[in-house]
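Working notes, structure below.
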Amino acid sequence: MLPTTLLTMLLCSAPDAPAPSAEPASAPPMASDAGVAAPSDDGFFTRFGKAYWGDWTGTLPSQPEAPSRGYPPAVSNPPFPFDYWPVGGTPTIGAPNASWSPLMAAIYDGPGGDAWKASGIRIYGWLNGGFNISSSRQSGFANAPAAYYAVSNAWQLDQFTLYVERKPDTVQTDHFDWGFRIANLVGYDYRYTTMKGVFSNQLLVDNNRIGYDPVMFYLDLYWPLLAGFNVRIGRYISVPDIEAQLAPDNYTYSHSLLYTYDAYTQLGVMLTLKLDDHWLFQLGLSSGNDIAFWVKGAGAQPTLTACLSYTWTEGKDNVYLCANSVNNGQYGYNNVQAYYATWYHKFGNGPFHMSTEAWYQYEENVPSIFVPNNPALIAGANGAWCASGQTKCFAPEWAAVNYLELRLSGSDALQLRNEYFDDIKGQRTGFQNQYFETLLSFTHWIGNTIIMRPEIRYEHAFERAAYDNGTKQDQAVFACDFIVKY
């Protein structure tokens, strides 16, 4: 979800010295709360190492299955990044909070472990890095508009994260509960998560290759009203989307164009009401897409979000409809008016499932890029390819993506992704173009703490050259990333 990235920033500037919806899941995709034993006399680092070894060798102590309510999980995690169909802006109401990480296993197994368990506070994160080999050969961000590996033929530190959180207990139905999350990200991917007004000069002024972003900071307030009611206050992931910014929550290493060029995070309030096992409603108010309410003159304004989710066939199908960002629609920093539809489907009890998403976006009165030194352009927000004689114009775009997923085992999966993107006025990618992309990816887990995701990706721009700094209409990439959780 690139916040209307500067064309010159992505395509022309050289990188510095070499070197994460709808939030897809309410917790990182880890195993159930296993491996928590009685307090040990071992030192912290010994306990930490033993947690990894137990995870990799399958010798962690087993634990009773955590209680839940509602439909059972639709898919398995691992090898997929979620087990319940993802709904953003809320914890997954009715799903258990139990999850495991080596760091928390080491803490629970040491002095004060019982107090940590009682508090419900968890600390965890991951290190994510990868490389790509591309047919685009020029310097700078030659793979763009592909993402997140925009720098061609390079290694990069994608994400080093630190989460501190407490999740409300949404399984119980008899009392109020609360939670919070503070999520910190360091790495190349901050270029895609940055919110204007929140440490944004690293990108919008200095154009640093590696930076820091507090991707999420929010409070959750939960009441057992009907099937569950949650209020989220703070900075949260933009509600819809199959894909996710944070690496372990995403099917693949790279992202579709559909995901790269829509809204990313919002700062505001999100209300989520689950009526029953079928229906869920959401209503939110924020300061806009990827912009803080204290930023003046760049489009921050009251912005409405309204979503509806319906689940059926014993949890194997879900449709999620969202008017993600609705205001006056005037040109501003990533002020797209965005309307989404997502459908998840599990094919019977077999190994296949499918995720499909489409959206339509637009902005009004977008300044033309053909007006020299156009004073109406906002820093960090692209102009449009307006018709001859126009100084500004209406700039729409639409896109659709499909993932076909095959579970090979509890540790392995295959992904086939196909998408079409029509950037009608070039306001998102910087080129007035239609794009097609196809990708084949393999996911392999080692225990619940290491993930490898090699992929082969091909894409084509139909109307004009857009890849390799605007010199080629086709691009092929082999890439792979590695995630190590702690």
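The values are calculated or read from the model by the stated rules, or taken from the named source; none is laboratory data. Bear in mind the structure is a predicted one, so any value in this text is a computation, not a measurement. No Cβ is skipped: glycine too gets one built from the backbone with ideal geometry, and neighbour counts run over all protein chains shown.
Evaluating Asp220 against the criteria (1) in contact with a strand residue (DSSP E or B) (Cβ under 8 Å, 6 or more places away or on another chain); (2) surrounded by fewer than 18 Cβ atoms within 10 Å (Cβ to Cβ) leaves one unmet condition, (2). Within the stretch 178-202, the set of residues being farther than 23 Å from Gly284 by Cα, under 19 Å from the mean Cα position of the chain (by Cα) and assigned to a helix (DSSP H, G or I) comprises Tyr190, Arg191. Set side by side, the residues Asn335, Asn328, Asn349 differ, and just one is assigned to a loop (DSSP other than H, G, I, E, B), of a type outside the set (A, V, I, L, M) and in contact with a Gly (Cβ under 7 Å, 6 or more places away or on another chain), which is Asn335. Once the stretch 263-316 is narrowed to residues that are among the aromatic types (Phe, Trp, Tyr) and over 23 Å from the mean Cα position of the chain (by Cα), the residue that is surrounded by the fewest Cβ atoms within 10 Å (Cβ to Cβ) is Trp294. Among the criteria (1) closer than 30 Å to Tyr403 by Cα; (2) buried (at least 24 other Cβ atoms within 10 Å of the Cβ); (3) touching a Phe, Trp or Tyr at 6+ places or on another chain (Cβ under 8 Å); (4) at pLDDT below 95, the one Asp33 does not fulfil is (2).
Just one residue in the set Leu267, Leu273 is at pLDDT 95 or above, farther than 18 Å from Met216 by Cα and among the aliphatic types (A, V, I, L, M); that residue is Leu273.
The requirement of being in a strand (DSSP E or B) and surrounded by fewer than 22 Cβ atoms within 10 Å (Cβ to Cβ) is not satisfied by Val215.
Candidates Ile123, Ile107: the one that is over 30 Å from Glu459 (Cβ atoms), buried (at least 19 other Cβ atoms within 10 Å of the Cβ) and either touching a Gly at 6+ places or on another chain (Cβ under 8 Å) or among the β-branched types (Val, Ile, Thr) (or both) is Ile107. For the stretch 398-447, the set of residues classified as of a type in the set (Asp, Glu) and closer than 23 Å to Ala476 by Cα consists of Glu405, Glu419, Asp422, Asp423, Glu437, listed by residue number. The single condition among (1) in a strand (DSSP E or B); (2) surrounded by 17 or more Cβ atoms within 10 Å (Cβ to Cβ); (3) of a type outside the set (D, E, K, R); (4) touching a Ser or Thr at 6+ places or on another chain (Cβ under 9 Å) that Tyr420 does not meet is (4).
Pairing each residue of the stretch 259-280 that is of a type in the set (S, T, N, Q) with any residue that is assigned to a strand (DSSP E or B), provided the two are 6+ apart or on different chains, yields C-beta distances under 6 Å for Thr260/Ala147; Thr265/Met195; Thr265/Arg235; Thr265/Ile237; Gln266/Ser286; Thr272/Asn230; Thr272/Gln282. For the stretch 165-172, the condition of being under 27 Å from Asp262 (Cα atoms) and under 15 Å from the mean Cα position of the chain (by Cα) holds for none of the residues. Scanning the stretch 298-313 for residues that are within 23 Å of Ser287 (Cβ to Cβ), among the small types (Gly, Ala, Ser) and outside any loop (DSSP other than H, G, I, E, B) yields one hit, Ala306.
Residues checked against (1) in contact with a strand residue (DSSP E or B) (Cβ under 7 Å, 6 or more places away or on another chain); (2) hydrophobic (A, V, I, L, M, F, W, C); (3) within 25 Å of Val326 (Cα to Cα):
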| residue | (1), (2), (3) |
| --- | --- |
| Tyr188 | yes, no, no |
| Val198 | yes, yes, yes |
| Arg209 | no, no, no |
| Gly234 | yes, no, yes |
| Glu243 | yes, no, yes |
| Ala263 | yes, yes, yes |
| Leu267 | yes, yes, yes |
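Restricting attention to the stretch 456-486 and to residues that are hydroxyl-bearing (Ser, Thr, Tyr) and over 30 Å from Tyr163 (Cβ atoms), the residue that is surrounded by the fewest Cβ atoms within 10 Å (Cβ to Cβ) turns out to be Thr471.
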